[in-house]
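This report refers to the structure that appears directly beneath it.
The values are calculated or read from the model by the stated rules, or taken from the named source; none is laboratory data. Quick caveat: nothing in here was measured; it's all calculated off a predicted structure. Cβ placement follows ideal geometry from the backbone for every residue including glycine, while neighbour counts extend to all protein chains displayed.
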Amino acid sequence: MRSARGFGAFAQRRRAAIISQLGKREATDLQLLADAIKENLPGTRFGNEFFISKAIGWALRDLYRTNPT
């Protein structure tokens, strides 16, 4: 099912899984974040969704602030 803006509910859940880790700093669940990102990289079903790509960028930028390695 697609929402009014054309972004599917399933894609919204995927995006939420990624951005749920924003701001958690040292408490970030690295395994959850890695799995969520890996399943949404380009070449996957949702890899070309703009808002998912944007969420991945936000998550990686936020993670780099507390864990630059």
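Put simply, of PHE46, PHE51 the only residue that is aromatic (Phe, Trp, Tyr), modelled with pLDDT under 95 and assigned to a helix (DSSP H, G or I) is PHE51.
Within the range 52-69, residues that are hydrophobic (A, V, I, L, M, F, W, C) reach partners that are exposed (fewer than 13 other Cβ atoms within 10 Å of the Cβ) with beta carbons closer than 9 Å, at six or more positions or on different chains, in the pairs ALA55/ALA16; ILE56/LEU41; LEU63/LEU30.
Does the range 22-43 contain at least one residue that is outside any loop (DSSP other than H, G, I, E, B), modelled with pLDDT under 95 and of a type in the set (S, T, N, Q)? Scanning the range 22-43, I find no residue that is outside any loop (DSSP other than H, G, I, E, B), modelled with pLDDT under 95 and of a type in the set (S, T, N, Q), so the answer is no.
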